[in-house]
Each structure stands twice: as C-alpha cells, then as structure tokens.
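S.K.: Encoded as structure tokens, here's the structure I'll be asking about.
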Amino acid sequence: MSDTLNQILAVIRSIKDDERKLEEVLGFLEEKFVEDFDFKTIGVPERFKLCVVEIADSIEAGLVCFLNPETLEIDSYPQDLLHEIDLFDDPKEVKENLLDLYDWEDIKVLDWDKYFEFSPPDSNEGFRIMEAFAERLKEDEKLQNRLIRALNNRKPFVNFNDIIHNSDYRQKWFDFKQQWLENFVAARLLEELGL
C-alpha cells in the first residue's frame, strides 16, 4: 500500500466513531471522485467510433461480434452458435457445417486474416452495470434503495429490471447501460490495438 493511502486510512480510522465526520468525508469523496451518470467516454481512434456503437448494440442483444480492423467490417453471431463451431477449424468445413445446420452461407469472419472478437458481458459484469447505476441514482433515494435491495436479494436481474422498467428512470437506465457497453467495447478495442 502507498504512503498516501495509509495516511488516508489513518485519518478515517481516527474518526471512525464520529458518524457526522464520516458523512462529511463520504460526501466530499462522492462529490470529488464519483462520476455522475455522464461518466467519461473512453476515446478510440476516429475510424473506430461507429464500430464501437454497433458492437455495443450487438453484444447487448447477446451476439458475439468480430471486427476486421483493416476493413472495419463487423460480423455477428448468436453466442450459442459459437459453442458449436471452432473458428480455427478448416474454414471450408465450418462453412459447409453451418450451411447444413443453419442454412447460413456467408460467414465473413472465416475469410478474414485478422479479427478482434467481442463477447457479451458475463453475468458478473451485468450485475456491476446495474450496481453502478443504482449507486449513481442520487436524486431518487427511495428508488435507489429499492434497486439496491433488489440487487441484494434473490433474482437480482429480474427484480432490478422490473423496478427500473416501471419507473421514471427507464430511459436513464438504457442510456447508462449503452454508455457502459460502449466503454466496455472501447476498452477491449484499445487493448487489441495495443493503445
């Protein structure tokens, strides 16, 4: 641990029994360091910006996306399908199997020399998105508490969605989730590009 962090923790330990002071520290930290709904967008090179939005939309729908970094073509498939095929097998054989099984003729990714793969976020990441939204919902404390309770009980995904879709914050949730997914894709893209 750094010296700075140790000093911060020492200050907090010194006031741990004073609820009012702890509230002040929490308020200061949230005001200074916790970003609101409009958290920062992760920047990507200009030529990839539209790809990030399209890929985010596709992974939200449960599709696995492949991006050709040279042509910027995107090829998307249902996640379940990819469990049945191996992209490293002979492309001709894979195409024949997909044609026989699903009547799919055009599988672009099999013809590409290079591609980046983007999978939908796993359930842990999905939970973190909902949790982050609930934590940032400061203007409606009652709804915030309901969402946090829903996330801490059985069937958190179902209960969270039921509450949020029947609230005035439905569109804010969609916007927040879209921005989160775009950042998720952008971070992965920058990693693949080595930036």
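S.K.: With an 8 Å Cα cut-off and a minimum separation of 6 or more residues, compute the relative contact order for the chain in percent.
M.R.: On the way: 145 pairs, mean separation 46.8, N = 195.
The normalised contact order for the chain reaches 24 percent.
S.K.: Can you tell me, using C-alpha contacts under 8 Å and at least 6 residues apart, the relative contact order of the stretch 123-193 as a whole percent?
M.R.: Values: 29 pairs, mean separation 17.5, N = 71.
Contact order relative to length: 25 percent.
S.K.: May I pose another question? Just to verify a number: FRET efficiency for Leu22 and Phe157, C-beta to C-beta distance, R0 = 35 Å, to 0.05? Don't skip to the end; give the middle numbers.
M.R.: Working: r = 32 Å, r/R0 = 0.92.
Step by step, r from the Cβ atoms, then E = 0.60.
S.K.: In nm², what is the average projected area of the convex hull enclosing the Cα atoms of the chain?
M.R.: Averaged projected area of the chain's Cα convex hull equals 15.7 nm².
S.K.: Tell me the angle of helix 123-136 to the major Cα principal axis of the chain, expressed in degrees between 0 and 90 and rounded to the nearest ten.
M.R.: So the helix axis and the longest Cα principal axis differ by about 40 degrees.
S.K.: Can you list the residues, at least 5 places off or on another chain, whose amide H is less than 5 Å from the amide H of Glu73, using H built in the peptide plane?
M.R.: It is Asn68, by chain and number.
S.K.: I need the per residue convex hull volume for the stretch 123-193, using only the alpha carbons, in cubic angstrom as a whole number.
M.R.: Numbers: hull volume 5.8 nm³, N = 71.
That works out to 82 Å³ per residue.
S.K.: Also: FRET efficiency for Glu131 and Glu73, Cβ-Cβ distance as r, R0 = 35 Å, nearest 0.05? Before the final figure, lay out each step's value.
M.R.: Working: r = 35 Å, r/R0 = 0.99.
The value I calculate is 0.50.
Read-outs: derived from the displayed coordinates by stated rules, not from any lab. Note that the structure is a prediction, hence the values are computed from the model and not measured. Note that each Cβ is placed from the backbone with ideal geometry, even for glycine, and that neighbours are counted across all protein chains shown.
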